[in-house]
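Remarks on the structure that follows.
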Amino acid sequence: MKVVVIQGPNLNMLGIREQQIYGPMKLEQIHQQMKDFAAQNGIEVEFFQSNLEGEIVDKIQECYGDANGIIINAAAYTHTSIAIRDAIAAVGLPTVEVHISNIHRREEFRKENMIAPVCTSSIVGFGPFGYHLAMVGIMQIMNEIKNLSGAAVLF
Ligand code: DQA
């Protein structure tokens, strides 16, 4: 089974940007931990980061027929991008949304979320550990889908 991890704008700056909000961990370190955990569980994982909305849409579309699940932190596009939302809905794959910070207790504009309604679930406010939780969650969902031969339970 394969999971694609999609990272949006400025997440390549983790470890440098606003450390009081996002912490000191770099994206490569987060990805290494996810990769190790995925390998221990026999899951193939691919990582993709882009600062460009259209590239993120392209990557989500590429997941169709190639991946069994998506983990996405759309970063600032979470709050604005109908195109990313539509792409997630179009491919119809189980998708877990991650936010390092708790977007619900930050600025008002971060409470607007275009992505969450088309995702299976959202994990917010756990720092970089949220990516690990997302990996555990997507593995659980993918297994349920496999065992139910295609019919996903919607909680
Ligand atoms: C973020 C929250 C977004 O509001 C912000 O634009 C980001 C990161 C997070 O992971 O907490 O770039 O998605």
query = Under a Cβ-Cβ cut-off of 14 Å, what is the net charge of the residues other than Glu62 that fall near it, where Lys and Arg count +1 and Asp and Glu count -1?
reply = -2
task = For Lys2, list the aspartates and glutamates whose Cα falls under 12 Å from its own Cα; do not include residues on the same chain fewer than 8 positions away.
result = Glu44, Glu46, Asp66
ask   = For the chain, which whole percent of the accessible surface, found with a 1.4 angstrom probe, sits on carbon and sulfur atoms?
value = 53
task = Taking the Cα atoms of the chain, report the difference between the largest and smallest coordinate on each principal axis, in whole Å and largest first.
result = 43, 33, 28
key: Label-zone membership for region 115-139, site Leu148, 7 angstrom Cα→C-beta point, backbone N under 18 Å   = 118-122, 137-139
task = May I ask you to list the trypsin sites (Lys or Arg not before Pro) in region 7-54 that are in a DSSP loop and have at most 14 other Cβ atoms within 10 Å of their Cβ?
result = Arg17
task = Grab the Cα-Cα distance for Gln33 and Leu52, subtract it from 0.36 nm times how many residues apart they are, and report the gain in nm with one decimal.
result = 4.3 nm
ask   = So what are the ³J(HN,Hα) numbers for region 98-114, from phi and the Karplus equation (6.51, -1.76, 1.60; θ = phi - 60°), rounded to whole Hz, Gly and Pro as x?
value = 10, 10, 5, 8, 8, 5, 6, 10, 10, 4, 4, 5, 7, 7, 6, 9, 7
remark   = Within region 82-155, DSSP-loop trypsin sites (Lys or Arg not before Pro) with at most 15 other C-beta atoms within 10 Å are Arg106, Lys111
note = Over region 76-139, with neighbouring protein chains present, the accessible area per residue in Å² at probe 1.4 Å is 45
task = Starting at the first residue of region 8-15, write each ³J(HN,Hα) from the Karplus equation 6.51 cos²θ - 1.76 cosθ + 1.60 with θ = phi - 60°, in whole Hz, x for Gly and Pro.
result = x, x, 6, 6, 5, 9, 4, x
query = Which ³J(HN,Hα) values, rounded to whole Hz and listed in residue order, are derived for region 118-124 from phi using the Karplus coefficients 6.51, -1.76 and 1.60 in 6.51 cos²θ - 1.76 cosθ + 1.60 with θ = phi - 60°, glycine and proline given as x?
reply = 9, 9, 5, 7, 10, 10, 10
note = Net charge (Lys, Arg +1; Asp, Glu -1) of residues whose beta-carbon lies under 10 Å from that of His104, His104 excluded, is +4
key: Cut-off under 5 Å, modelled amide H: who pairs with Gly69 long-range   = Lys2, Val4
Helix-only [θ]222 nm of the chain, DSSP H runs n ≥ 4, -39500 (n - 2.57) each, per residue, nearest 500 = -11500 deg cm²/dmol
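The values are calculated or read from the model by the stated rules, or taken from the named source; none is laboratory data. Here the structure is a predicted model, which is why all the values come from computation and not from measurement. Using ideal geometry, Cβ is built from the backbone for each residue, glycine included, and neighbour counts are taken over all protein chains shown. To get the accessible areas, we keep the full protein, side chains included, count just its heavy atoms, and leave off ligands, DNA and RNA. Shrake-Rupley method; radii C 1.70, N 1.55, O 1.52, S 1.80 Å.
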